[in-house]
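See structure below.
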Amino acid sequence: MQTYGVSLNVKGWVRTRRGSKQVNFIALNDGSTVYNLQIVVNIEQFGEEYLKPVTTGSCISVNGKLVQSQGAGQTVELQAEEIQIYGTADPASYPLQKKGHSMEFLREIAHLRPRTNTFGAVFRIRHHMAMAIHTFFHERGFFYFHTPIITGSDCEGAGQMFQVTTMNLYDLKKDENGAILYNSDFFGKQTSLTVSGQLEGELAALALGDIYTFGPTFRAENSNTPRHLAEFWMIEPEMAFYEIDDNMQLAEDFIKYCIRWALEHCADDIQFLCEHFDRELTERLHFVLNKPFIRLAYTEGIRILEDATAKGRKFEYPVYWGADLAAEHERYLVEEHFNCPVILTDYPKEIKSFYMKQNDDGKTVRAMDVLFPKIGEIIGGSQREEDYDKLLKRAGEMDIPDRDIWWYLDTRRFGTAPHSGFGLGFERLLLFVTGMTNIRDVIPFPRTPHNAEF
């Protein structure tokens, strides 16, 4: 409830200024909400020359009285009594004038785009999603565990990692076979930026019980697509004594908690994005929130897709047992066949990582992928292989030297236990919650091939 007549001080950035020679109306925004506060300015009181620098993009402080608005579009406004100009913005060069701007153009000025309504909404939601994640795990007794950013192991075994070195790249020392010698490097061995905190997270889970990591990860994949970043954030819980069914239930509870939090704490921003960017956004959030997630074996999923193909459904990528499903296959299962989120399980071991627990059939592993409408896979996880001999053999089959993961293997030698975990790409979650279509638009300063500006 507003108290009319109260004196206030407000500070913020000017979105627009309009009016006549007698009265001007300034739309002011301090970044805390998608809504602007209208400032009513008596031109005669301040003088046209003093107000001349108050243009779009300038920063001001205003003292005044809060009154009921006489115009449409707002319920209250501030009658200005004092205006202090902190910083000006030359209209000829300030790029965020009152007009439509493309997402591509705004990425070129990522240092200014948080001042727009769209990106203000996105980055406020990003904050609230981080709070939701920490709150969810804290309420359930998980410990927040910090895993290293610099690592000597490749968790995914894909080799797409950024190397970290202090060596002179113009004078690299090599052995007789032409291999680079790292013994004089800072760490005395080849090191890289991590692609995942999972392996170290497992070490913590086998001591503390339930833990989660939440930090930056890096992948040197030369993919210039709307779904890839070179630097992104991951949430990776690891739980001792969890079987695959426990893992799936936690993933479902977690994602629903985050969406519920967004709807409760970010209602204005979500409504804005729904009205101006993605009209189906709110409906899609409730779709996931209100439906149980189907558990579906990979083999059965392939059968469903093959049946669809036989009935004339066209897919760009072929469907067969052993294929790594594409987003179009995942979205078909979610959006057309089941009409609800799907958790796909028991994948062929050949297309999954070495650490996943092998099933008794010798062909599949206890993997799980959570599939969402519009996004496809949003969570990937598994029950981890706790058997030392099986894990060692599988690592060898995938050309992962045991000397690089001896410490990881040790947890299977000393008090091994069933355990599970999963990974959620933070930006994938934000794509879903905000309705944005390009992953570069849900992180403040995207890192992509040939782009490390700002």
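The values are calculated or read from the model by the stated rules, or taken from the named source; none is laboratory data. Note that the structure is predicted; figures quoted are calculated from it, not measured. In this analysis, Cβ positions are derived from the backbone assuming ideal geometry, glycine residues included, and neighbour counts consider all displayed protein chains. Surface areas here come from the heavy atoms of the whole protein model, side chains and all, with no ligands, DNA or RNA. Shrake-Rupley method; radii C 1.70, N 1.55, O 1.52, S 1.80 Å.
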Residues of the range 236-250 satisfying the condition of being buried (at least 18 other Cβ atoms within 10 Å of the Cβ), closer than 23 Å to Leu289 by Cβ and over 16 Å from the mean Cα position of the chain (by Cα): Asn247, Met248, Leu250
Kindly indicate whether Phe136 is more than 27 Å from Gly421 (Cβ to Cβ) and at pLDDT 95 or above. no
Does the range 45-73 hold any residues that are of a type in the set (Lys, Arg) and farther than 22 Å from Lys99 by Cα, and which are they? Lys65
Specify which of the listed residues (Glu44, Glu48, Glu81, Glu77) is crowded, with 18+ Cβ neighbours inside 10 Å and of a type in the set (Asp, Glu). Glu77
So which pairs qualify, if the first residue must be in the range 175-196 and over 21 Å from Ile405 (Cβ atoms), the second must be part of a strand (DSSP E or B) and open to solvent by less than 100 Å² (accessible area, probe 1.4 Å), the Cβ gap must be under 7 Å, and the two must be at least 6 apart or on different chains? none
Any hit, the range 13-30, residues being of a type in the set (A, V, I, L, M, F, W, C), surrounded by 11 or more Cβ atoms within 10 Å (Cβ to Cβ), modelled with pLDDT under 95 and at negative phi: no
Kindly indicate the residue of the range 354-363 that is touching a residue at least 40 places away in the same chain (Cβ under 8 Å) and in contact with a strand residue (DSSP E or B) (Cβ under 8 Å, 6 or more places away or on another chain) and also most open to solvent (accessible area, probe 1.4 Å) among those meeting that condition. Lys357
Counting only residues that are of a type outside the set (A, V, I, L, M, F, W, C), out of contact with any Asp or Glu (no Cβ under 6 Å at 6 or more places or on another chain), under 20 Å from Ala205 (Cβ atoms) and open to solvent by less than 10 Å² (accessible area, probe 1.4 Å), how many does the range 413-446 have? 2
Test Arg366 against the stated conditions and say whether it is within 21 Å of Ala417 (Cα to Cα) and open to solvent by 40 Å² or more (accessible area, probe 1.4 Å). yes
Just checking, does the range 216-235 include any residue being crowded, with 22+ Cβ neighbours inside 10 Å, part of a strand (DSSP E or B) and charged (D, E, K, R)? no
Where in the range 14-114 are there helices (runs of 4 or more DSSP H), lying wholly inside it, with at least 3 residues that are within 28 Å of Ile125 (Cα to Cα)? 103-108
Report, by residue number, each residue of the range 266-281 that is closer than 27 Å to Thr217 by Cα and either over 20 Å from the mean Cα position of the chain (by Cα) or surrounded by fewer than 18 Cβ atoms within 10 Å (Cβ to Cβ) (or both). none
Checked against (1) out of contact with any Gly (no Cβ under 6 Å at 6 or more places or on another chain); (2) under 23 Å from Met239 (Cα atoms), Tyr170 satisfies every condition except (2)
How many residues are open to solvent by 50 Å² or more (accessible area, probe 1.4 Å), of a type in the set (A, V, I, L, M, F, W, C) and within 18 Å of Gly12 (Cβ to Cβ) if we restrict to the range 84-116? 0
Criterion (hydrophobic (A, V, I, L, M, F, W, C) and open to solvent by 10 Å² or more (accessible area, probe 1.4 Å)) met by exactly one of Phe186, Phe119: Phe186
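Is it the case, given these coordinates, that Thr3 is open to solvent by 30 Å² or more (accessible area, probe 1.4 Å), over 22 Å from Pro95 (Cα atoms) and not in a strand (DSSP E or B)?
yes
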Could you tell me which of the residues Gln79, Gln38, Gln74 is farther than 24 Å from Arg113 by Cβ, modelled with pLDDT of 95 or more, in contact with a strand residue (DSSP E or B) (Cβ under 6 Å, 6 or more places away or on another chain) and of a type outside the set (A, V, I, L, M, F, W, C)? Gln79
Scanning for something within 14 Å of the chain's Cα centre (by Cα) and either open to solvent by less than 10 Å² (accessible area, probe 1.4 Å) or on the phi > 0 side of the Ramachandran plot (or both), does the range 379-390 turn up at least one residue? yes
Is there any pair with a first residue in the range 133-153 that is farther than 15 Å from Asp210 by Cβ and a second that is open to solvent by 60 Å² or more (accessible area, probe 1.4 Å) and modelled with pLDDT of 95 or more whose Cβ atoms are under 8 Å apart and which are 6 or more apart or on different chains, and what are they? Ile150/Phe187; Gly152/Phe187
Over the range 330-350, the set of residues closer than 17 Å to Gly381 by Cβ and either touching a Phe, Trp or Tyr at 6+ places or on another chain (Cβ under 6 Å) or open to solvent by 10 Å² or more (accessible area, probe 1.4 Å) (or both) is Glu330, Pro341, Ile343, Leu344, Thr345, Asp346, Tyr347, Lys349
Name, by its number, the condition in (1) in contact with a Phe, Trp or Tyr (Cβ under 7 Å, 6 or more places away or on another chain); (2) among the aliphatic types (A, V, I, L, M); (3) in a helix (DSSP H, G or I) that does not hold for Ala262. (1)
Among the residues of the range 154-169, are any surrounded by 15 or more Cβ atoms within 10 Å (Cβ to Cβ), in contact with a Pro (Cβ under 7 Å, 6 or more places away or on another chain) and modelled with pLDDT of 95 or more? no
How many residues does the range 106-132 hold that are under 18 Å from Glu264 (Cα atoms) and touching a helix residue (DSSP H, G or I) at 6+ places or on another chain (Cβ under 9 Å)? 12
